[in-house]
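A.B. asks: Got a structure for you, written out below as structure tokens; questions coming shortly.
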Amino acid sequence: MDSKKHRWGSIQEKIKAACKRANRDVSEVNVLAVTKYIDEVATREVLDLGINHIGESRIQDAVKKWEQIQRDATWHFIGHLQRNKVKEVIARFHYLHALDRFTLAQEINRRTQEAAVEPLKCFIQVNVSGEESKYGITPQELEEFAREVANLSHIEIIGLMTMAPIVPDAEEVRPLFRELRRLKEHLQNLNQPRLNVSHLSMGMSQDYGVAIEEGATWIRLGTELVGPGRRGS
Ligand SMILES: *Cc1c(COP(=O)(O)O)cnc(C)c1O
């Protein structure tokens, strides 16, 4: 617990410093604690720090935790989502950071309507780095994809998300974050009523300072907050 408290203290200092450099207000930057590496006891400790947004990437692990924690947290699904898991996700989660294909959007739309639940708040995942190993819509396909998803009545797009490659120096990924922000502004300028793309989910342990400077409104912190994990994804 103390080590988490200590980590959280220094993260808050870093966030403050990055906001200052970018002339932003700290209240614009939301922290999502990525708890996929840790069990429910350690996840509770994270909530006790006063962070109530938690991110999970595997439904099997998340369901077990959800049973014990549920209402005490706001749940974000951050992993690649299989269509056959959509039902379980919409029953528990409030946000999805990885909307990466139209068939998934259709399934979310259909299941949300059926279950009569609040729409998931979705970030479209964009593959700005162009790495083949990464999921996401390409920048070229983004506008058409966003327009199509906006036609689905039971899904709510709130922003764009990207995952930067792991690099030795976070400066190397700055252009990717800048590009995501440019894409967000482009979509905003379309003035589509059902397409309010106001958030940017970008920045992880290695690069959140740079991401904040480039306009992140959600940073996703795992390792830096909870310590090195037991697995990579
Ligand atoms: C695991 C994960 C993170 C957290 O990564 P860290 O480097 O441990 O901070 C953030 N976003 C996504 C999508 C992840 O899968």
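Rule-based calculations on the coordinates, nothing more; no lab input. Given the structure is predicted, the values throughout are model-derived calculations rather than measurements. Glycine gets a Cβ as well: all are built from the backbone with ideal geometry, and neighbour counts include every protein chain shown.
A.B. asks: Please give the calculated 222 nm ellipticity per residue for the chain, where each DSSP H segment of at least 4 residues contributes -39500 (n - 2.57) and the sum is spread over every residue; nearest 500 deg cm²/dmol?
C.D. replies: -12500 deg cm²/dmol
A.B. asks: If you place +1 on the Cβ of every Lys and Arg and -1 on the Cβ of every Asp and Glu, how big does the dipole about the Cα centre of region 132-233 come out, in debye to the nearest 20?
C.D. replies: Dipole magnitude for region 132-233 comes out near 300 debye.
A.B. asks: Same structure again: For region 125-233, what relative contact order do you get, as a whole percent, if you take Cα pairs closer than 8 Å and at least 6 residues apart?
C.D. replies: Relative contact order here is 23 percent.
A.B. asks: Explain nothing, just the number: dipole magnitude of the chain about its Cα centre with +1 on each Lys and Arg Cβ and -1 on each Asp and Glu Cβ, in debye rounded to the nearest 20.
C.D. replies: Roughly 340 debye, rounded to the nearest 20.
A.B. asks: While we're looking at this one, here's another question. Would you mind calculating the relative contact order of the chain from Cα pairs under 8 angstrom and at least 6 residues apart, reporting the percent as a whole number?
C.D. replies: About 22 percent, as a whole number.
A.B. asks: Right, next: Residues with amide H under 5 Å of Asn127's amide H, sequence separation 5 or more or different chain, H placed in the peptide plane at 1.01 Å from N; which?
C.D. replies: Ile137, Thr138
A.B. asks: Ranked by Cβ crowding within 10 angstrom, fewest neighbours first, how are Asp61, Asp207, Asp100 ordered?
C.D. replies: So the ranking, lowest neighbour count to highest, is Asp61, Asp100, Asp207.
A.B. asks: Right, something else. Counting other beta carbons within 10 Å of each residue's own, what order do Ile166, Ile90 fall into, fewest first?
C.D. replies: Lowest count first: Ile166, Ile90.
A.B. asks: Could you please state, rounded to a whole Å, how far the C-alpha centre of region 79-112 is from the C-alpha centre of region 9-63?
C.D. replies: Cα centroid to Cα centroid, the span is 22 Å.
A.B. asks: Still on this structure: Arrange Phe123, Phe93 by Cβ neighbour counts within 10 Å, fewest through most, would you?
C.D. replies: Least to most surrounded, the residues fall as Phe93, Phe123.
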